[in-house]
Amino acid sequence: MDSRIDKVTAMSSRLEYSFFRSLSGSPGGLVFNPWKDCDPATDLSATAPGERLERLRAHFSVAARCILVGEASGYQGCKVSGIPFTSERLILAGEIPRIRTDGRRLSSRQRPWSEPSATIVWSTLQELGIADRTILWNAFPWHPHKPGNLQSNRTPTRVERELGMPVLERMLHLHPKATVFAVGRNAEWALQLVNRSALPLRHPSMGGATRFRDQLAAACRLSARAPRSE
C-alpha cells in the first residue's frame, strides 16, 4: 500500500513540475509573462515575477473540486497578481484562500490594482461556499497586450491560443476529478480542443455578471445532489 501511495505521489510531483516549468515558455512578442517578466512601470521590484509564481503555487495547493477557465490574463488582474481572475486589491484584503502576503505589495501603483471580473468571480465563489476548493486558470495563460502598452488587453491570436494548449492540458492533468467550467466562448473552444468536458458560463464582464452568478449557482445545486467520490 505504501508503495502505491509513493508512486501516486511521485507521479503528482512530476505533473506539477511539468506544469510550472511550462509557464516559462511564453511566445514573446506582444505577450507579457507574469511569472517570468518584470514590468518596470508597475512592478515594485525585480523579484515580482518570482513572488507571483509562489502565489500561484499556493493557489494550486488544494485538491480542487472546481476549475474555472477563462480566456487570457488581464492587465488589472493576473499580470499583477499572478493568479487568474484575481486582483491585487482582493489579495491584500485577505479574500483569496491560501494566499498570505503580510501586507507586501508587488506593484508600485498608489492604489492597489482592482479588476471588475475578479471581484465578481471571487464574491460569487464565496457566496456559494466553494472558494476554498476552486482554482482559476486561463486557456491562454499569459497576458496578451496591444503594441507599446503593457497596461492593455487584447484577444489572443489563434496561433497564440494554440501555444497555450499544452499548458492547459498539464493544468487539467493535475486535477483530473475536478468539475471544469468554461468562462466565455474562447475558453469553451480551448477545452473542446483538449477533449475536456466543461460547463459553459457567461463571462462576467460586459454586463454578464448576473448570468454568470446564476449559471454557476445552478451548477453547484446540481452538483450537490449528485454523489461524489473523493
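The values are calculated or read from the model by the stated rules, or taken from the named source; none is laboratory data. In this text the structure is predicted, and so the values were computed from the model without any measurement. As a convention, Cβ positions derive from the backbone with ideal geometry for all residues, glycine included, and neighbour counts pool all protein chains shown.
Here Thr119, Thr179 are screened, and the one residue that is of a type in the set (Ser, Thr, Tyr) and touching a residue at least 40 places away in the same chain (Cβ under 8 Å) is Thr179.
Suppose we filter Thr42, Thr47 for residues that are buried (at least 17 other Cβ atoms within 10 Å of the Cβ) and either of a type outside the set (D, E, K, R) or in contact (Cβ under 8 Å) with a residue 60 or more places away in the chain (or both); which single one remains? Show your work before the answer.
Working: Thr47 fails: buried (at least 17 other Cβ atoms within 10 Å of the Cβ).
From the options Thr42, Thr47, the qualifying one is Thr42.
I'd like the residue in region 8-32 that is farther than 16 Å from Arg170 by Cβ and in contact with a helix residue (DSSP H, G or I) (Cβ under 8 Å, 6 or more places away or on another chain) and, out of all such residues, is surrounded by the fewest Cβ atoms within 10 Å (Cβ to Cβ). Per the stated criteria, the residue is Pro27.
Being out of contact with any strand residue (DSSP E or B) (no Cβ under 8 Å at 6 or more places or on another chain), modelled with pLDDT under 95 and not charged (D, E, K, R) is a property that holds for Val159.
When we screen Val180, Val159 for residues that are farther than 20 Å from Trp122 by Cα and of a type in the set (A, V, I, L, M), the only hit is Val159. Among the residues of region 50-64, those identified as touching a residue at least 60 places away in the same chain (Cβ under 8 Å) and either assigned to a loop (DSSP other than H, G, I, E, B) or touching a His at 6+ places or on another chain (Cβ under 6 Å) (or both) are Phe60, Val62, Ala63, Ala64. Residues of region 24-50 that are modelled with pLDDT of 95 or more, more than 16 Å from Gly74 (Cα to Cα) and under 19 Å from the mean Cα position of the chain (by Cα): Ala48, Gly50.
Take the conditions (1) touching a residue at least 60 places away in the same chain (Cβ under 8 Å); (2) outside any strand (DSSP E or B); (3) under 24 Å from His175 (Cα atoms); Ile67 misses just one of them, which is (2).
Yes or no: Val69 within 14 Å of the chain's Cα centre (by Cα) and of a type outside the set (Gly, Ala, Ser)? Against the criterion (within 14 Å of the chain's Cα centre (by Cα) and of a type outside the set (Gly, Ala, Ser)), Val69 qualifies. Is it true that some residue in region 51-58 is touching a helix residue (DSSP H, G or I) at 6+ places or on another chain (Cβ under 8 Å) and either at pLDDT below 95 or β-branched (Val, Ile, Thr) (or both)? No. The set of residues in region 59-105 that are out of contact with any Pro (no Cβ under 9 Å at 6 or more places or on another chain), hydrophobic (A, V, I, L, M, F, W, C) and more than 13 Å from Leu136 (Cβ to Cβ) contains only Ala63.
Go over the candidates Arg154, Arg158 one by one and state the one that is within 18 Å of the chain's Cα centre (by Cα) and basic (Lys, Arg). First the steps, then the outcome.
Details: Arg158 fails: within 18 Å of the chain's Cα centre (by Cα).
Going through Arg154, Arg158 in turn, the sole match is Arg154.
Name the one entry in Arg154, Arg133 that is of a type in the set (Lys, Arg) and more than 27 Å from Glu95 (Cα to Cα). Even if it seems obvious, please write down each step before you answer.
Working: Arg133 fails: more than 27 Å from Glu95 (Cα to Cα).
It is Arg154.
Of all residues in region 90-112, those that are touching a residue at least 60 places away in the same chain (Cβ under 8 Å) and of a type outside the set (Ser, Thr, Tyr) total 3.
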